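To keep things clear, I will list the structure first and then write my remarks on it.
The values are calculated or read from the model by the stated rules, or taken from the named source; none is laboratory data. Here the structure is a predicted model, which means the values were calculated and not measured. When we count neighbours, we look across all protein chains shown, and the Cβ atoms used for this are built from the backbone with ideal geometry, even at glycine. Just the protein is used for accessible areas: all its heavy atoms, side chains included, with ligands, DNA and RNA removed. Shrake-Rupley method; radii C 1.70, N 1.55, O 1.52, S 1.80 Å.
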Amino acid sequence: EAGVAQSPRYKIIEKRQSVAFWCNPISGHATLYWYQQILGQGPKLLIQFQNNGVVDDSQLPKDRFSAERLKGVDSTLKIQPAKLEDSAVYLCASSLVPRGSVTGELFFGEGSRLTVL
Amino acid sequence: GENVEQHPSTLSVQEGDSAVIKCTYSDSASNYFPWYKQELGKRPQLIIDIRSNVGEKKDQRIAVTLNKTAKHFSLHITETQPEDSAVYFCAARSYIPTFGRGTSLIVHP
């Protein structure tokens, strides 16, 4: 079974530039998550999708971050304009969790490491 | 929202010793508590989980205990090996999964 695919693996940009990350979840997984992991910290949830609908985006800095999951499969996370503090690994995860259930393993991608100079 | 505290941030043990990592959570509605292991430069992977209707779960050298009254849960690793060296994250979930800050476990040969 193919895992969660993410690209690019690494990205270096200057502050105020824009960047986009792509995620392809495990086939059949309805729930998709984007996490931000700053060095030395635990993953912080940015946004959670159930199919193509947003379940939670309360911690997404909406003035600069946006995410979409068209057709309920692939997802894109965009940052525009980037700030120095956005330097982190952006992890995409998916799970086979039906709406209303709280249990279920998260399967993570390898992550996209962003460096903002 | 949920707040998960994890201790210690770093744990250094000798091979063969036991290691214990502790987490507390704030949301009494949380009822699913997974533990993830993240090796350097790799993705986090689930190693064990426990649901709120269970007090303890064991899988070979790894065990997790849960005290819902006190809102804390712990990861126990026995007979540690160098390959256990990694960062371990606890998480609590009621509606969305919230992670602790992680514990860097170092097992010295």
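Rolling a 1.4 Å sphere over the protein heavy atoms, what is the accessible area per residue of chain A, to the nearest Å²? Let's see the in-between values first.
Details: 5750 Å² over 117 residues.
Here the residues of chain A average 49 Å² of exposed surface.
For the range B:1-26 and the range A:58-117, what is the centre-to-centre distance using only Cα atoms, to the nearest Å?
26
If each residue of separation counts as 0.36 nm, what is the full-extension length gain between residue B:40 and residue B:79 once their alpha-carbon separation is subtracted?
On the way: separation 39, 0.36 × 39 = 14.04 nm, distance 2.14 nm.
Residue separation times 0.36 nm, minus the Cα-Cα distance, leaves 11.9 nm.
Can you compute 3J(HN,Hα) from phi for each residue in the range B:81-91, using the Karplus curve 6.51 cos²θ - 1.76 cosθ + 1.60 with θ = phi - 60°, rounded to whole Hz and x for Gly and Pro?
My calculation for the range B:81-91 gives 10, x, 6, 7, 4, 4, 9, 10, 10, 9, 8 Hz in order.
Which positions within the range B:27-44 get 10 Å² or more of their accessible surface covered by the other protein chains, compared to the chain by itself, with a 1.4 angstrom probe?
Hits at the 10 Å² cut-off: B:31, B:32, B:36, B:38, B:41, B:42, B:43, B:44.
Please work out the Kirkwood hydrodynamic radius for the range A:7-117, using every pair of different C-alpha atoms, and report it in angstroms with one decimal place.
14.0
Take the alpha-carbon centre of the range A:1-48, take the same for the range B:70-109, and report the distance between them in whole Å.
So the two Cα centres are separated by 22 Å.
For the protein assembly as shown, with the dipole built from +1 on Lys and Arg beta-carbon atoms and -1 on Asp and Glu ones, taken about the Cα centre, which of B:34, A:106, A:79 lies farthest toward the positive end?
In the protein assembly as shown, that residue is A:79.
Taking θ as phi - 60°, what are the ³J(HN,Hα) couplings along the range A:24-33 by the Karplus curve (6.51, -1.76, 1.60), each to the nearest whole Hz, with x for Gly and Pro?
10, x, 5, 4, x, 7, 7, 9, 10, 10
I want to check a number: in chain A, how many lysine pairs have alpha carbons closer than 20 Å, given a sequence separation of 8 or more or different chains?
Close lysine pairs under the 20 Å cut-off: 11.
Leaving ligands, DNA and RNA out of it, report the carbon-plus-sulfur percent of the accessible area of the range A:1-97 at a 1.4 Å probe. All intermediate terms of the calculation are to be shown ahead of the outcome.
Working: 2360 of 4790 Å².
Answer for the range A:1-97: carbon and sulfur cover 49 percent of the accessible area.
Based on the Kirkwood radius over alpha-carbon pairs, what value in µm²/s does the Stokes-Einstein equation return for the translational diffusion coefficient of chain B at 37 °C and 0.692 mPa s? Intermediate results must be reported in sequence, preceding the final value.
Working: Rh = 13.8 Å.
Value of D from the Cα-based Kirkwood radius: 238 µm²/s.
Counting protein heavy atoms only and a 1.4 angstrom probe, how many square angstrom of accessible surface do chains A and B bury in total, to the nearest 100? Walk me through the intermediate numbers first.
Numbers: alone 6690 and 6350 Å², together 11140 Å².
Roughly 1900 Å² of accessible surface disappears when A and B pair.
Å³ per residue of the Cα convex hull, for the protein assembly as shown? Provide the component values of the computation, followed by the final result.
Working: hull volume 27.6 nm³, N = 226.
In the protein assembly as shown, the Cα convex hull volume per residue is 122 Å³.
If amide H atoms are built 1.01 Å from N in the plane of the peptide, which residues on other chains or at least 5 residues away come under 5 Å of the amide H of residue A:51?
Placed amide hydrogens put A:31, A:32 under 5 Å from residue A:51.
Among A:106, A:39, A:96, whose mean-square fluctuation peaks in a Gaussian network model of chain A (Cα, cutoff 10 Å)?
So, out of A:106, A:39, A:96, the one fluctuating most is A:39.
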